[in-house]
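The values are calculated or read from the model by the stated rules, or taken from the named source; none is laboratory data. Since we're looking at a predicted model, the values are computed, not measured. With ideal geometry, Cβ positions are generated from the backbone for all residues, glycine too; neighbour counts draw on all protein chains shown.
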Amino acid sequence: MTTRIHDSILRFSWVIIPTLLLFSMLGKVLVNNGSNNLYTYQAQAFLNGKLDIEEDINNLPGEVALSDGKFYNIFPPFPTILLLPFVAAFGAASVRVSLIAFIIGFLSCYLLYKILKQIEVDSTLSLWIIAAFMLGTAYWQTLRHSDGVWMFAQIVSVCCIFLSINEAYGKGRGALAGLFLGLAFLSRQLSIYSSIFIVVILWQNQNSQKKMSTLLSFSAFFGICMLSYVAFNFAQFGEFGTGYSNMVVKGVRTEEFGGELFQKYGLFNLAHLPFNAIYMFLQGFHVGFNESKQIITLDPYGTSLIAASPFIFISFFAKMERTRLWAAWLSITLALIHMLLYFNNGFIQFNAQRFTLDFMPIMIILIALGLKNASNDLLKLIKGAIIYSIILNTITLVLVG
């Protein structure tokens, strides 16, 4: 009897993590912050039967595209669809975006717990891994600031990737896995690289007897989402691209706010690599002081992945079937290359690198499998690194809010 009670407590121990997340953002989830999020403005435009946003450009919280004298949301549209019923019910300014984001974050915690069970990680270790992801990476700060368009998109995308991975490991229904990943793509384009890992998991899933049929249904639903995005962009901008070439922020054109390198080299170029690589892999936790030695700010370009979340090194010790392992690292590597060549590293962000959340749902599986096979001494070391990462995020919370 005692053993059963103990096991039940362990099974539900993951709930501790979203409870801590909720406590840390209580002041945000209880207020109406829809006016801080560009998606609510786009949702209101949809409800008015329009694609363009009529609000004054100087009031819009985020980048928009200027096309034929009209302003459009430049970001993929699925988060707008999620917010649509809330905007219809309460009005754009009265939507509690942070509360909705927290609910999505709670679901992500549960999905990660389910995925860890499917790869046979015990409940105690699962609690450490969920804490590492939710509190020891960029996820915590991203969730806390999810009233903004950029962060909300990231939270939605992570949840959709977890939904797809969970389906791939579980019942292996290609259509659902493809749909969920397609919705992730319709939130954050870089989630497309996760398809490599998910396809391999689907192919090797013992619950899926008709392999080709599974992959075809995955491709069909994922492809429909991709095509709908292309069609949506054409309807808005008159072009099949993302509209970034027409990007405007508060009335300022991209060539004016993007900096010298952007003006010279554009969105993607090797010229962006040195800055991005240093901030991705080397930059430490940097606090700015004034002449009176008072803290004034944290580095708005963030802390490197290695400095903010050193526990990621255990991912190199992951043991899994070779094709899966190579697929996981290929998904991560391609996403990294994409990020390193981009003109922006996720600014503005405090601690960690927000863009890493595009591949972190896959990396956390490698971290879990590395921990699962670690020696006692290595396990203690990584647990210490997880605690360190959480402390660093806590300091960030205190300094930045």
Heads up, the helices (runs of 4 or more DSSP H) in region 45-158 (entirely inside) with at least 1 residues that are over 26 Å from Ile391 (Cα atoms), over 14 Å from the mean Cα position of the chain (by Cα) and free of Cβ contacts under 8 Å to residues at least 24 places away in the same chain are 78-90, 97-118
Qualifying residue in region 34-43 (condition: crowded, with 17+ Cβ neighbours inside 10 Å, in contact with a strand residue (DSSP E or B) (Cβ under 7 Å, 6 or more places away or on another chain), farther than 19 Å from Tyr139 by Cβ and not aromatic (Phe, Trp, Tyr)): yes
Which members of region 83-101 meet the condition of being closer than 17 Å to Val29 by Cα, crowded, with 17+ Cβ neighbours inside 10 Å and of a type outside the set (D, E, K, R)? Leu83, Phe86, Val87, Ala92, Val95, Val97, Ser98, Leu99, Ile100, Ala101
Is there a residue in region 268-278 that is part of a loop (DSSP other than H, G, I, E, B) and either within 20 Å of Phe347 (Cα to Cα) or at pLDDT 95 or above (or both)? yes
I'd like the full set of residues that are of a type in the set (Gly, Ala, Ser) and buried (at least 20 other Cβ atoms within 10 Å of the Cβ), limited to region 364-386. Ala368, Gly370
Going by what's in this entry, would Glu167 be described as charged (D, E, K, R), buried (at least 24 other Cβ atoms within 10 Å of the Cβ) and either outside any helix (DSSP H, G or I) or more than 13 Å from the chain's Cα centre (by Cα) (or both)? yes
Residue count, region 284-307, condition surrounded by 15 or more Cβ atoms within 10 Å (Cβ to Cβ) and aromatic (Phe, Trp, Tyr), comes to 2
Checked region 166-198 for anything closer than 22 Å to Glu120 by Cβ and in contact (Cβ under 8 Å) with a residue 40 or more places away in the chain; matches are Asn166, Tyr169, Gly170, Gly172, Arg173, Ala177, Ser194, Phe197
Which residue is modelled with the lowest pLDDT, if the candidates are limited to region 104-122 and must be closer than 23 Å to Lys319 by Cβ and surrounded by fewer than 18 Cβ atoms within 10 Å (Cβ to Cβ)? Asp122
Quick check: anything in region 222-229 surrounded by 19 or more Cβ atoms within 10 Å (Cβ to Cβ), within 30 Å of Asp56 (Cβ to Cβ) and modelled with pLDDT of 95 or more? yes
Using the structure shown, decide if Lys211 is surrounded by fewer than 19 Cβ atoms within 10 Å (Cβ to Cβ), out of contact with any Pro (no Cβ under 7 Å at 6 or more places or on another chain), among the basic types (Lys, Arg) and touching a residue at least 12 places away in the same chain (Cβ under 8 Å). no
Identify all residues within region 308-363 that are surrounded by fewer than 22 Cβ atoms within 10 Å (Cβ to Cβ), closer than 30 Å to Lys380 by Cβ and among the aromatic types (Phe, Trp, Tyr); write none if there are none. Phe313, Phe316, Phe317, Trp326, Trp329
